[in-house]
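Worksheet: one structure, shown below.
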Amino acid sequence: MRSDPARATLVGPVDAGVGRLDITGRRDPADAPELHRLSEAGRLRGEGGVIP
């Protein structure tokens, strides 16, 4: 997640326990190129991140 002010507003409520982020799936970091292709093709919704 980029650290810009709009996205930073998500972190406070989650850290405080009053907000939540739905994680719909996990992918291996090796899948990053495929995830990028899917994102560019408009086949992914929302935000994504790859965490080792």
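A few remarks follow.
- Flag if Val50 is in a loop (DSSP other than H, G, I, E, B), at negative phi and at pLDDT 85 or above: no
- Search result, residues across region 10-27 that are surrounded by 10 or more Cβ atoms within 10 Å (Cβ to Cβ) and of a type in the set (D, E, K, R): Arg27
- Counted residues, region 7-24 - those being in a loop (DSSP other than H, G, I, E, B) and on the phi < 0 side of the Ramachandran plot: 7
- One residue stands out in region 28-47 among those that are hydrophobic (A, V, I, L, M, F, W, C) and not in a helix (DSSP H, G or I): the one that is surrounded by the fewest Cβ atoms within 10 Å (Cβ to Cβ), namely Ala41.
- Sub-9 Å Cβ pairs linking a first residue in region 6-28 that is over 18 Å from Gly49 (Cα atoms) and without any contact (Cβ under 8 Å) to a residue 12 or more places away in the chain to a second residue that is in a loop (DSSP other than H, G, I, E, B) and charged (D, E, K, R), at least 6 apart or interchain, are Pro13/Arg20, ordered by first then second residue.
The values are calculated or read from the model by the stated rules, or taken from the named source; none is laboratory data. Just so we're clear, the structure is a prediction, and the values are computed from it rather than from any experiment. Note that we place each Cβ from the backbone using ideal geometry, even for glycine, and neighbour counts take in every protein chain shown.
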